[in-house]
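Single-structure report; data block below.
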Amino acid sequence: MSQANRGAQLAYGVTKSQGDILWFLHGDSQLNGQQAIFADIMAVLSQPRVSAGCLTLRFTEKGFFYRYLAITSNWRAKYLGLIFGDQGLFTTRQNYQRAGGFLAEPLMEDWLLSRQLHRLGKFKLISAPIYTSNRRFAAHPWRTHLAMHRLQLLFILGTSPKDLAKRYNRRHN
């Protein structure tokens, strides 16, 4: 895998997988001993007209900002049909393929896929939590949060994922 962008890497991972259920997790996300999670995922994906789902986002750090961020992220997934990678997006291989899979984009690849999956059916947010690291926000929580929203707004307004990735990488490197 020589293409250095998340969308291409995720798509490559799918080509190497063999199962009928695809579950995408960020490296800094973790589960805390939920044994029934696989049964929950299977139950959600077996429902009619459901194309994908995710877990309930929580952060490893406590505090108002992280609770706010988790609540709004879960609301966005449930009501707007936008699941980002740190929420543990899951779907069937068939729905993934029908949605066109991950595009070889360096940023917003999860946004693009979740929009396509949402066109195919409903999303379900399951109550099992997924804990994500606060490392991106630790130094300047609100400023980082607003910068991410700025990138999303620029994307909505037509800025390419490649141009957004340049902005993102300047900020995070």
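The values are calculated or read from the model by the stated rules, or taken from the named source; none is laboratory data. Small disclaimer: the values here were computed from a predicted structure and weren't measured. Glycine also receives a Cβ, built like all others from the backbone with ideal geometry; neighbour counts cover every protein chain displayed. Remember, those area values only see protein heavy atoms, side chains included, never the ligands or the DNA or RNA. Shrake-Rupley method; radii C 1.70, N 1.55, O 1.52, S 1.80 Å.
Just checking, how many residues over segment 78-112 are open to solvent by 10 Å² or more (accessible area, probe 1.4 Å), in contact with a strand residue (DSSP E or B) (Cβ under 7 Å, 6 or more places away or on another chain) and either in a loop (DSSP other than H, G, I, E, B) or modelled with pLDDT of 95 or more (or both)?
Final tally of qualifying residues: 4.
Inside segment 1-37, can you point out the residues that are in a helix (DSSP H, G or I) and either under 18 Å from Gln94 (Cα atoms) or touching a helix residue (DSSP H, G or I) at 6+ places or on another chain (Cβ under 7 Å) (or both)?
Within segment 1-37, Arg6, Gly7, Leu10, Ala11, Tyr12, Gly13, Val14, Thr15, Lys16 qualify.
Among the residues of segment 128-157, count how many are touching a residue at least 60 places away in the same chain (Cβ under 8 Å) and either under 15 Å from Arg76 (Cβ atoms) or outside any loop (DSSP other than H, G, I, E, B) (or both).
8
Which pairs turn up if I take residues in segment 75-87 that are at positive phi and look for partners that are part of a helix (DSSP H, G or I) and of a type outside the set (D, E, K, R) with beta carbon separation below 9 Å, at least 6 apart in sequence or on another chain?
Close Cβ pairs (under 9 Å, with a partner that is part of a helix (DSSP H, G or I) and of a type outside the set (D, E, K, R)) amount to Gly81/Ser114; Gly81/Leu117; Gly81/His118.
I need the full set of residues from segment 46-65 which are in contact with a strand residue (DSSP E or B) (Cβ under 6 Å, 6 or more places away or on another chain) and open to solvent by 20 Å² or more (accessible area, probe 1.4 Å), in order please.
Arg49, Thr56, Arg58, Thr60
Can you tell me which residues in segment 107-130 are closer than 27 Å to Glu61 by Cβ and more than 13 Å from the chain's Cα centre (by Cα)?
Lys124, Ile126, Ser127, Ala128, Pro129, listed by residue number.
Suppose the filter is open to solvent by 20 Å² or more (accessible area, probe 1.4 Å), of a type outside the set (Asp, Glu) and in a strand (DSSP E or B); does Leu125 pass it?
yes
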